[in-house]
Amino acid sequence: MTTLAALEEIIDASGAAPRMEAMLPAGARARQLTVRTLLAGMCLAAADHRPAHLTRVHQALVSLPADDQRRLGVTAGWKQGPHLLTYRQTEYTFGLIAAALARQEPDGLPSAELAGICDSLLEASIPAQSKDASTSLAVDWTDLETFSRPPPAKGGPCADPEASWGHRKHNRPGPKDELFFGYYFSAAIMAADQDGPAVPELARRMTVCSCRHDPARALVPVLTAMPANGIALGDVLADSGYAHRDPGAWAIPLRLAGAQLVQDLHPNDRGPKGTHHGAIIANGNLYCPATPRALLELGPLARDATKQQAAEHDARTAETARYKLGRLTRDDHDGYHRVQCPAVTGKIRCPLRPSSMQLDRDRPEILTPPEHPQACCTQQTITVPPEVTAKTAQKHDYPSATWRRSYTRRTAAERSFATAKDPATNDITRGWCRLTSLTPLMLFTLTLLIARNQRILTAWNTRQEENARRAANSRPPKTRKRRRKNLAVLAGPP
């Protein structure tokens, strides 16, 4: 269980409590329950695996030791004597916060104030030694069902007008696709850098939006705001649900923010998709016009593939890379770069490039070059504008072995949501939070991630100490010799 001192340190480091207090209206008399104490109670309830109910928050506060109650204002001195915090006071303060952080006209998206508060609190839950451990983020979204019943089939009001119908998939028996009424919960989880050391998989950013909005578009402003706060964006690992979005909604804003995309391509985006100056556009790259069609239509390796199948797949993707036009320059400030024919760079043999025919015969050879070669075959270089591969361009060639090893880091996001939905900790299914509208749900989801980050850090530090202890012990542990008896010995002599 996370200690109260650690939670208070996170709240104070974020500076969120004074900002929220300044947004609340001034009453005739001072409130007994401050924003700082309420946030501590919400985090305590989440850390103790309690549901996100205000009654549980009140119980967590009144269950503290007497000294902590007096220090936090849970017990205050009134004219009639000591006064213990009541549930109505908890409900009143939380209602003021929810009203202050909500949009004036609720539309299913968080306000700028609410997003800023969540970013500062979640960032404060990451210790200083882990902030620069990695710049890679694994992103994903999941369902967050509201406690409100959906509106009637013929239309009409409901208790949560910001919620909407959404679509989710599950691994339970029965139909895999189903509808739910609520919100999309998105999170960006720290993942190890490529070829870098392992890092604790901490939630660094989060947001909640109504199902009537696109969760990918709702997450983009949260991620692109990180460089302005001094947090560099590295690899962004996403599945095909993000990659299939319009380039202006996902890929282009992240590239402008300095991120490098490592993502799975949607089946509709894979394979050849037109030409540019004669070069074939496929999987985010430009390829020689004589590239075999079967190589350009390669898909990702199946999950249940054997070692032999993986080796054959990697050999074919390596052969496909030989036909790729070689990149000569980085993207300029407008997103343009220049590429060169693979025969000029020495990767293939082509009669249109006589110098390449002197290369070793272990390289692929173009036997039937185009009768009417275009610019990619006649010019030394061609310029590639940003709109050619704006949607599908990424850090590694898709679906090569390098891309596959890098993309496996995305499972950090799935593991994070698995812990958030684990009934043994905080089960965020319907009824976990009985407050409606986006702002209360987002605040309680934030405290759940803060408590989860502390659990991950505790487990990580324990494992690191155990590894250091084992490394310090030069002698390996003694293993007991086990005598194995076969059936012939047990049966005895005939």
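The values are calculated or read from the model by the stated rules, or taken from the named source; none is laboratory data. What you see is a predicted model; the values in this text were computed from it and never measured. With ideal geometry, Cβ positions are generated from the backbone for all residues, glycine too; neighbour counts draw on all protein chains shown. Note: areas computed on protein heavy atoms with side chains; ligands, DNA, RNA excluded. Shrake-Rupley method; radii C 1.70, N 1.55, O 1.52, S 1.80 Å.
Worth pointing out:
- Residue 394 touching a strand residue (DSSP E or B) at 6+ places or on another chain (Cβ under 9 Å), surrounded by fewer than 16 Cβ atoms within 10 Å (Cβ to Cβ) and modelled with pLDDT under 95: no
- Test: residue in the range 401-412 that is part of a loop (DSSP other than H, G, I, E, B) and surrounded by 15 or more Cβ atoms within 10 Å (Cβ to Cβ): no
- Residue that is open to solvent by 50 Å² or more (accessible area, probe 1.4 Å) and of a type in the set (Asp, Glu), where the choices are 123, 113: 113
- Residue in the range 25-42 that is assigned to a loop (DSSP other than H, G, I, E, B) and open to solvent by less than 10 Å² (accessible area, probe 1.4 Å) present: yes
- Leading residue by the ranking (nearest to residue 208 (Cα to Cα)) among those in the range 430-475 that are touching a residue at least 12 places away in the same chain (Cβ under 8 Å) and outside any helix (DSSP H, G or I): 437
- Every residue from the range 66-96 that is touching a residue at least 24 places away in the same chain (Cβ under 8 Å) and not polar (S, T, N, Q): 68, 72, 73, 74, 76, 83, 85, 87, 91, 92, 94, 96
- Options 427, 422; residue that is part of a loop (DSSP other than H, G, I, E, B) and closer than 18 Å to residue 412 by Cα: 422
- When the range 314-327 is filtered for residues that are without any contact (Cβ under 8 Å) to a residue 60 or more places away in the chain and either of a type outside the set (Phe, Trp, Tyr) or surrounded by fewer than 20 Cβ atoms within 10 Å (Cβ to Cβ) (or both), the ones remaining, listed by number, are 315, 316, 319, 322, 325, 326, 327.
- Any hit, the range 52-67, residues being more than 21 Å from the chain's Cα centre (by Cα) and on the phi > 0 side of the Ramachandran plot: no
- Residue list for the range 268-307, filter: in contact (Cβ under 8 Å) with a residue 12 or more places away in the chain and over 23 Å from residue 374 (Cα atoms): 268, 269, 270, 298, 299, 300, 301
- In the range 180-227, of all residues being open to solvent by 20 Å² or more (accessible area, probe 1.4 Å) and polar (S, T, N, Q), the one that is farthest from residue 458 (Cα to Cα) corresponds to 224.
- Scanning the range 156-166 for residues that are open to solvent by 30 Å² or more (accessible area, probe 1.4 Å) and either free of Cβ contacts under 8 Å to residues at least 40 places away in the same chain or assigned to a loop (DSSP other than H, G, I, E, B) (or both) gives 156, 157, 158, 159, 161.
- So residue 61, is it within 30 Å of residue 419 (Cβ to Cβ), hydrophobic (A, V, I, L, M, F, W, C), in contact with a Gly (Cβ under 8 Å, 6 or more places away or on another chain) and surrounded by 16 or more Cβ atoms within 10 Å (Cβ to Cβ): yes
- Any chance residue 484 is without any contact (Cβ under 8 Å) to a residue 40 or more places away in the chain, part of a loop (DSSP other than H, G, I, E, B), open to solvent by 30 Å² or more (accessible area, probe 1.4 Å) and not aliphatic (A, V, I, L, M): yes
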